[in-house]
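Below: the structure, in structure tokens.
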Amino acid sequence: MKMLRGVGIPLTVGMAGLLSGCGTSYDLPGVDDAVNARANAMFAQAKAAPPRAAATPAAGAARFQRVASRVQPVAERLCNAELAEKGADCRVQLGLDMQRTDRNAYFTYAGPGNGNPVIRFTVPMLQDVESDDEVAFIMGHEYGHLIGQHIVKQQQQAVAGALILGAITAYGNAQAASAGQSYDPNAVSRNMEIGAAVGSKAYSQTYELESDMLGTRIAMAAGYDPVKGAQFFARDEAARSRNGQLSFWGTHPADSRRLAVVLATVDQVKAGPADRE
């Protein structure tokens, strides 16, 4: 059992928790019928909530800075503990995206070679949240994408998908040529693009759940309530904004399973590790 260093919250890794290939790195907590029932009730309540009154940009920015000062040290310690051997850059630049007008928060890399990781919140997003718990959970969730190495894995999946479908197509072309049959000389490059697109989408839903689990642990370790925070994900919002951009709910689709993972993770943390090394 590996511990989240500095905060005493266990995080299962190692041979038992490590999954093969480009899948998730950690086991998700088990979800029983009781947890599912709680999640469904919370999901329905969150979706039925009335529209929110927008906070001022200044109030949203102040909330962001307040939460970041507590979440960032916790998340960075976990990131360094988990990814030190891989040489990953855990020095995330937290900040506001002043250009985008949609309600969103996202993780990406600003530098070459998956360097210079950044997490950005748009101003409209911060105007829409109602509590520090919501900002903390969303921030922890985005850190989860870094710790889970999801962008890196999607890149690997895209390459694998391109090579596999390209190789299959090339073999088919070679067979056709040897038989004196016609074939499409552009099929290999076209199918490699298709394979890359399909490969990059693999595990995407599971990655979101893994980030929910990691975000729950980060928020709890920073002193926030991830259950209250996660209800923000259940909002009944459009997947796209008026200008056609994917909104936060377009890239983080609302689903009661997400709340179930959060609830199960909280129960798991409160129960404590079954054993300690």
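A short reminder: the numbers here are calculations on the coordinates, not readings from a lab. Computed from a prediction, not measured in an experiment: that's the story for all the values here. Because the Cβ atoms are built from the backbone with ideal geometry, glycine has one as well, and the counts that use them run over all protein chains shown.
Under conditions of 4 °C and 1.567 mPa s, segment 82-126 yields 113 µm² s⁻¹ as its translational diffusion coefficient, taking Rh as the Kirkwood radius over Cα pairs in the Stokes-Einstein equation. Computed from the C-beta positions of residue 91 and residue 130, the FRET efficiency with R₀ = 30 Å rounds to 0.50. Neighbour counts of other Cβ atoms within 10 Å put 76, 208 in the fewest-to-most order 76, 208.
How do 210-216, 48-54, 97-103 rank on mean C-beta neighbours within 10 Å, highest first? It would help to have the intermediate numbers written out before the result.
Values: 210-216: 27.1, 48-54: 9.3, 97-103: 15.3.
In descending order of packing, they fall as 210-216, 97-103, 48-54.
Sequentially through segment 60-73, phi angles give Karplus couplings (6.51, -1.76, 1.60; θ = phi - 60°) of x, 5, 5, 5, 4, 5, 5, 6, 4, 5, 9, 6, 4, x Hz, Gly and Pro residues having no value and appearing as x.
Rg/Rh for segment 30-155: what does it come to with C-alpha atoms and Rh from Kirkwood?
Details: Rg = 16.4 Å, Rh = 16.1 Å.
For segment 30-155, the value is 1.02.
Here segment 255-274 and segment 42-107 have alpha carbon centers that stand 20 Å from each other. 3J(HN,Hα) along segment 47-56: 5, 8, 5, x, x, 8, 7, 6, 6, 6 Hz, from the Karplus curve 6.51 cos²θ - 1.76 cosθ + 1.60 with θ = phi - 60°, whole Hz, x for Gly and Pro. Taking each residue as 0.36 nm, the span from residue 61 to residue 36 lengthens on full extension beyond its C-alpha to C-alpha distance by 5.5 nm.
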